[in-house]
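These notes are about the structure you will find just below.
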Amino acid sequence: MLGKKYPEREIITKVFRSLTSKWLSKANAIVEGVHYQSGTLTFDQLRDNLITYEMTILDQKGENKKKSLALKASSQEEESDENDDGEEDKDFALLM
């Protein structure tokens, strides 16, 4: 941003403010963690932590919400007449 360097803690705070409510539990866990409390949490560590959470937890929740489409199947046996078989054989022979 035009040559201005932001402190690591300020960047992390801005990231936390930008997270939506589905990230609330993970954000709380990070804030209560030792690295955040001691001030040793870096932006790269935060990013990696959030990416891991997204790939494991959020993707699993998303898969559960997907609806599947199931169609009912039915089977019917057709009654065949001798005349019908002859016509089918003729049609097949003409096709060949």
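The values are calculated or read from the model by the stated rules, or taken from the named source; none is laboratory data. If you're wondering where the values come from, they're calculated on a predicted model, not measured in any experiment. Counting neighbours? That spans all protein chains shown, and the Cβs are built from the backbone with ideal geometry, glycine included. Note: areas computed on protein heavy atoms with side chains; ligands, DNA, RNA excluded. Shrake-Rupley method; radii C 1.70, N 1.55, O 1.52, S 1.80 Å.
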Problem - Every residue from region 18-44 that is open to solvent by 80 Å² or more (accessible area, probe 1.4 Å) and in contact (Cβ under 8 Å) with a residue 24 or more places away in the chain - result: LYS22
Completion exercise
In region 3-44, anything among the aliphatic types (A, V, I, L, M) and in a helix (DSSP H, G or I) is listed as ILE11, ILE12, VAL15, LEU24, ALA27, ALA29, ILE30, VAL31, VAL34
Exercise for the section: Quick one: in region 1-17, of everything that is touching a residue at least 24 places away in the same chain (Cβ under 8 Å) and open to solvent by 70 Å² or more (accessible area, probe 1.4 Å), which residue is nearest to ASN28 (Cα to Cα)? Expected result: ARG9
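Of the residues that make up region 45-65, is at least one part of a loop (DSSP other than H, G, I, E, B), of a type outside the set (Phe, Trp, Tyr), surrounded by 10 or more Cβ atoms within 10 Å (Cβ to Cβ) and modelled with pLDDT of 90 or more?
There is no residue in region 45-65 that is part of a loop (DSSP other than H, G, I, E, B), of a type outside the set (Phe, Trp, Tyr), surrounded by 10 or more Cβ atoms within 10 Å (Cβ to Cβ) and modelled with pLDDT of 90 or more.
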